[in-house]
1. Kindly flag which residue pairs out of 107/173; 117/318; 131/323; 188/257; 119/318; 131/214 have an alpha-carbon separation exceeding 26 Å in this structure.
2. By count of other Cβ within 10 Å, fewest leading, how are 121, 284 ordered?
3. So what J values fall out for the range 212-220 if you push phi through Karplus, 6.51 cos²θ - 1.76 cosθ + 1.60 with θ = phi - 60°, rounded to Hz, Gly and Pro as x?
4. Charges only on Cβ, +1 for Lys and Arg, -1 for Asp and Glu: so what's the dipole of the range 194-345 about the Cα centre, in debye to the nearest 20?
5. Provide 280, 175 in ascending order of the number of other Cβ atoms located within 10 Å of each residue's Cβ, fewest first.
6. Give, as a single signed number, the net charge of other residues whose beta carbon lies under 15 Å from the beta carbon of residue 329, with Lys and Arg counted +1 and Asp and Glu -1.
7. Hey, fewest Cβ within 10 Å first, where do 209, 122 land in order?
8. Charges at C-beta only: +1 for Lys and Arg, -1 for Asp and Glu. How large is the resulting dipole of the range 94-175 about its Cα centre, in Debye rounded to 20?
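Nothing in this text is a laboratory measurement; each read-out follows from the coordinates by a stated rule. In this text, all values refer to a predicted model and were calculated from it rather than measured experimentally. As a convention, Cβ positions derive from the backbone with ideal geometry for all residues, glycine included, and neighbour counts pool all protein chains shown.
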Amino acid sequence: MFGVTSFIIFYMGFLSFITTSDKLIGTIMLGFSGIVSLGTLIGTFYISRNITNPIDELINKMNEFSQNNKTTKETKTSHGIHELQYLHKNFHKMTGMVGKTIEKEKKLNRQLQEMDKRKIEFMSMMSHELKTPIMPILGYVQLLKKQELLGELNDQQLDAINEIHLATIRLQKLIQDVLTAQKIDLEKLNITKDTLESNEVIDLVYKAFSPICKIKNVHLEKNSENHQIVSDSDRICQVFSNLISNALEFVPEHGGKIEIGSYGQEESVVFFVRDNGHGISFEEQQNIFKKFYQVDASLKRKKEGSGLGLSICEGIVKALDGKIWVESRVNSGATFYFRLPKKTIQLHHLSNCETIKRI
């Protein structure tokens, strides 16, 4: 803008020089316009150096700070407008304070992560140690229940032994859940992958839970398609066990129904557990896979457990390269799904061995 202005001033002086009849006046006008144009250019350079350049430098430092959370060493200068120098100094101080704060935050995060890891390892060790006395307790309780081995028990004593047995089983399940959760957190969960038939897995789960469903007067049915997967049968059964155990807690006392099964998709097999319980609200669905979270049962039946079951299911499914989710509405039951990848088979056709097909 200033360059254009200086050119116009000089051009007007030049026009006056060539159009005026008095050469002296024309020369004076030309010289005056030249001086003014030169002064305008010098002023433009001054403004560019003392205003525009510091602003550009500040913008570059701001961009550098936004990318690296730090800036290069401050350039001290006595040139330029005082306000811009003051702004540079304050910005440099601010970046230094923010940079130190970020470094402290990173250090604290590392310390917290280390503390959290030690806590998980401690809990894992304690849970493992708690398993040791459980086995002899269970052993002696079972011996006491076999009255021909350690003597006769009256009905009151036998009831007490049965309560001890049930409490010990619950404690064993709780310790096992804590151990599994810790292994998931430490990424030390043992996974063994074999070629499995989805129908065989469903049949295995169905046979395992049919007796307890009959005792609780809950109708259990299966509905599955057969597909091959490469996965861990024991871990899949563990996921089903937790899901079905949860479903048993929430189905109606009369007319309870649970359906288990699987179906195929293009590159995966989806397993599911469906019940006709009171359902799960949308708000609760956002939290049910968190540790120790329990859905508030509106039924009279009291729900027991650690609140780790669904969290463990999620950890196992992720370790199996899958995904788990729930679909439910209040008073309309709930369906838990988990997806696992199908087995990939490589087909050999003449010299071309790169064709991949999903079963």
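1. On the way: 107/173 38 Å; 117/318 20 Å; 131/323 31 Å; 188/257 36 Å; 119/318 23 Å; 131/214 31 Å.
Table pairs above 26 Å Cα-Cα are 107/173; 131/323; 188/257; 131/214.
2. Details: 121 13, 284 16.
The fewest-first ordering by Cβ neighbours comes to 121, 284.
3. 5, 5, 5, 4, 8, 6, 10, 7, 10
4. Numbers: 19 positive and 21 negative charges, 94 e Å.
With only Lys, Arg, Asp and Glu charged at Cβ, the dipole is about 460 debye.
5. Working: 280 21, 175 18.
Going from sparsest to densest Cβ surroundings: 175, 280.
6. Values: positive: 274; negative: 275, 283, 284, 327.
Net local charge, residue 329 excluded: -3.
7. Values: 209 20, 122 11.
Lowest count first: 122, 209.
8. Details: 13 positive and 11 negative charges, 166 e Å.
That gives a dipole near 800 debye.
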